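One structure is given below, encoded as structure tokens.
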Amino acid sequence: MLRSLKRHPIPEHVDLPFGYRVMIKQVPRKELEEHLGDGVMASWVVEDQTIYLDKSRPIKKRRADLSHELVHALADWQAKVLGGSLGDAKN
């Protein structure tokens, strides 16, 4: 399994249904901290629809960071598409 992960780099974007594109940018730690604060290693910025990752972190950590930030992106996508949380959606 680890070999197959090596062949799959972190993507530049993820497309969700209904035209919602999540951009993914790997940036230097200094740049990330300048814009988002000290100690930030990854962040979902809803205004940009972009996940920012600290490119100096090991690839396994960046994958974990990406997974975590994608959860935030999915929550915002859900709110936009459904107009609220999943619990508020009508069948």
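Rule-based calculations on the coordinates, nothing more; no lab input. If you're wondering where the values come from, they're calculated on a predicted model, not measured in any experiment. Using ideal geometry, Cβ is built from the backbone for each residue, glycine included, and neighbour counts are taken over all protein chains shown.
Laid out as a table, the results:
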{"item": "Every residue from the stretch 8-29 that is more than 12 Å from Leu70 (Cα to Cα), hydrophobic (A, V, I, L, M, F, W, C) and part of a strand (DSSP E or B)", "result": "Val27"}
{"item": "Output for the stretch 11-34, where each listed residue is over 13 Å from Ala73 (Cα atoms) and either touching a Gly at 6+ places or on another chain (Cβ under 9 Å) or in contact (Cβ under 8 Å) with a residue 12 or more places away in the chain (or both)", "result": "Pro11, Glu12, Phe18, Lys25, Gln26, Val27, Pro28, Arg29, Leu32, Glu33"}
{"item": "Subset of the stretch 32-75 that is of a type in the set (Lys, Arg), surrounded by fewer than 16 Cβ atoms within 10 Å (Cβ to Cβ) and more than 16 Å from Glu12 (Cα to Cα) - its residue that is nearest to the chain's Cα centre (by Cα)", "result": "Lys61"}
{"item": "Qualifying positions in the stretch 50-65 - hydrophobic (A, V, I, L, M, F, W, C) and closer than 17 Å to Glu33 by Cα", "result": "Ile51, Leu53"}
